[in-house]
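Structure first, then comments.
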């Protein structure tokens, strides 16, 4: 009998099936992502969001398919814990030397957790790494292009850049674009000294999102480097370089947690994450994985880094998050770590009239929407376990009293069946009390801009009170309370009727019929909850928000398939 005739052990067959299942997922993920180039070249803006939704749903589809394969392989042994300890060891051997070993492990963990109905963490069956940063082990350099910059003719290098990234659409004015990029780099980095730009290196992979393609990399001077992102647009007349970003805060915003995920067809992901961390050292690795579309890996990294920190701060308690308590969600945080945990209350105070399922649907809607830089990504976690003694007593009592459908005590642990985890931002209502006049005015105007940006992407926040918005460390306003969020196209924007007599004019309540979807923009002022001077500034600069016709005009554009463009950068970054 030859060695090839020896039957393979079941644990090996299962490990190989899981590996093959992940590789099938990765290939299908790449196939969807690869469409982004065609969408950009042919200006199929209405198809890109559909691709994004399909790709988000792909992970669960592939997990279910792989689970079916495992059940056929193992039959009645599928739930044998001893078998799975052997599978774990064999699978670990298959991953030796792989750049994306952590993604393979997360796929395995998802299967194991669903198979065994794991609550919390099973360190014997799962792959757990609290003590190490997995990406630190990646030394493989990501694929990239490098260009030396001539002091005399800097545009020549930029011409080579634009020529190396090939599209089926020509540039309208390639030399003009190259010259504009060169001038912007020289201007932005003039503080580095004379002839500041010595070279540029850019990832081979083009990043796509919404209506733009991005060349992502870094620009080097003699002694330092900075991020460099070149934004390209296809305006129907040909390609054009639209903007250049060289400040970390602007690139961090582009890769921020309030934006939808990039379509970037990376052969391997871990080495790209390492490169991007060199550009954005302050950005958590979980957020980088997530914005690359690897949401499940982002959740895994967020869990790992939070609980590693949590374990290292044994005396710190979980407490109520700062801000006005919500009528729908209870929110807590660990003060030393920038996350909040949001739980749905069992009952909602008047006038909230919705069900728990509807709240979950709102969060699912946001997960699939184009967030336009104004909706904070919220990741659902199930069956989290915390030590009971780490909760502040008042917080634990509230959770047990008001969130009993989600919270229970199991011995010395608190088990949370479902919560949503978001980056912690400073609540706008608190921010406005703490800042000076100029910062307040800037925040209020950006708050109004955020409502405008959302509206232009078919999102109506519903509840506009500042307590439902947060302010980033860069002063940007984002919306994070989704229980009344809906689509602009689902609303009926009405003019406020003119009273017919004094009695109607003085009435405390509307004297006319108001439907469940009716919205009266002329009455937004009181619902914004702003001081008089700040509300006046909003009316002056964003008067369209109070105009029913503006909202109806948006609805007409959406009905015609014409969605306004919302650039992820301000006019100062755009090239002439």
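Return yes or no: is residue 112 crowded, with 16+ Cβ neighbours inside 10 Å, more than 17 Å from residue 26 (Cβ to Cβ) and at pLDDT below 95? Walk me through how you get there before you give the answer.
Values: crowded, with 16+ Cβ neighbours inside 10 Å: yes; more than 17 Å from residue 26 (Cβ to Cβ): yes; at pLDDT below 95: yes.
So residue 112 passes the test.
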So residue 392, is it free of Cβ contacts under 8 Å to residues at least 60 places away in the same chain and surrounded by fewer than 19 Cβ atoms within 10 Å (Cβ to Cβ)
no
Residues that are in contact with a helix residue (DSSP H, G or I) (Cβ under 7 Å, 6 or more places away or on another chain), closer than 30 Å to residue 48 by Cα and either part of a loop (DSSP other than H, G, I, E, B) or free of Cβ contacts under 8 Å to residues at least 60 places away in the same chain (or both): does the stretch 179-198 have at least one?
no
In the stretch 277-298, residues that are farther than 25 Å from residue 574 by Cβ and assigned to a loop (DSSP other than H, G, I, E, B) total 6
Among the residues of the stretch 153-168 satisfying the criterion of being assigned to a loop (DSSP other than H, G, I, E, B) and touching a residue at least 12 places away in the same chain (Cβ under 8 Å), which is surrounded by the fewest Cβ atoms within 10 Å (Cβ to Cβ)?
168
For residues in the stretch 417-448 being assigned by TED's automatic domain parsing to the domain that holds residue 344 and over 20 Å from residue 323 (Cα atoms), which is surrounded by the fewest Cβ atoms within 10 Å (Cβ to Cβ)?
417
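Do we have residue 404 as closer than 26 Å to residue 284 by Cβ and either under 24 Å from the mean Cα position of the chain (by Cα) or without any contact (Cβ under 8 Å) to a residue 60 or more places away in the chain (or both) here?
No; evaluated as a whole, the condition is false for this residue.
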Please state which one of 363, 381 is assigned to a helix (DSSP H, G or I) and within 28 Å of residue 253 (Cβ to Cβ).
363
Scan (1) exposed (fewer than 14 other Cβ atoms within 10 Å of the Cβ); (2) assigned to a helix (DSSP H, G or I) for the single condition residue 322 breaks and write down its number.
(2)
Can you tell which of 99, 32 is closer than 20 Å to residue 268 by Cα, assigned to a loop (DSSP other than H, G, I, E, B) and in contact (Cβ under 8 Å) with a residue 12 or more places away in the chain?
99
Count, please, the residues in the stretch 251-286 that happen to be closer than 20 Å to residue 425 by Cβ and either touching a strand residue (DSSP E or B) at 6+ places or on another chain (Cβ under 8 Å) or assigned by TED's automatic domain parsing to the domain that holds residue 472 (or both).
8
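Can you tell me which residue among 206, 216, 244, 142 is touching a residue at least 60 places away in the same chain (Cβ under 8 Å), farther than 25 Å from residue 567 by Cα, surrounded by 18 or more Cβ atoms within 10 Å (Cβ to Cβ) and within 28 Å of the chain's Cα centre (by Cα)? Spell out how you get there, then give the answer.
Values: 206 fails: farther than 25 Å from residue 567 by Cα; 216 fails: farther than 25 Å from residue 567 by Cα; 244 fails: farther than 25 Å from residue 567 by Cα.
So the residue among 206, 216, 244, 142 that is touching a residue at least 60 places away in the same chain (Cβ under 8 Å), farther than 25 Å from residue 567 by Cα, surrounded by 18 or more Cβ atoms within 10 Å (Cβ to Cβ) and within 28 Å of the chain's Cα centre (by Cα) is 142.
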How many residues does the stretch 534-558 hold that are in contact (Cβ under 8 Å) with a residue 60 or more places away in the chain and over 11 Å from residue 488 (Cβ atoms)?
7
Sole exception among (1) surrounded by 19 or more Cβ atoms within 10 Å (Cβ to Cβ); (2) out of contact with any helix residue (DSSP H, G or I) (no Cβ under 9 Å at 6 or more places or on another chain) for residue 451, by number
(2)
A careful count of residues in the stretch 46-67 that are touching a helix residue (DSSP H, G or I) at 6+ places or on another chain (Cβ under 6 Å), within 26 Å of residue 560 (Cβ to Cβ) and either assigned by TED's automatic domain parsing to the domain that holds residue 365 or touching a residue at least 40 places away in the same chain (Cβ under 8 Å) (or both) gives 3
Of the residues in the stretch 297-315, how many are touching a helix residue (DSSP H, G or I) at 6+ places or on another chain (Cβ under 8 Å) and surrounded by fewer than 20 Cβ atoms within 10 Å (Cβ to Cβ)?
3
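Yes or no: residue 174 surrounded by fewer than 20 Cβ atoms within 10 Å (Cβ to Cβ) and touching a helix residue (DSSP H, G or I) at 6+ places or on another chain (Cβ under 6 Å)?
Numbers: surrounded by fewer than 20 Cβ atoms within 10 Å (Cβ to Cβ): yes; touching a helix residue (DSSP H, G or I) at 6+ places or on another chain (Cβ under 6 Å): yes.
Yes.
The values are calculated or read from the model by the stated rules, or taken from the named source; none is laboratory data. All values reported here derive from a predicted model rather than from experimental measurement. All Cβ positions, glycine included, derive from the backbone under ideal geometry; neighbour counts span all protein chains shown.
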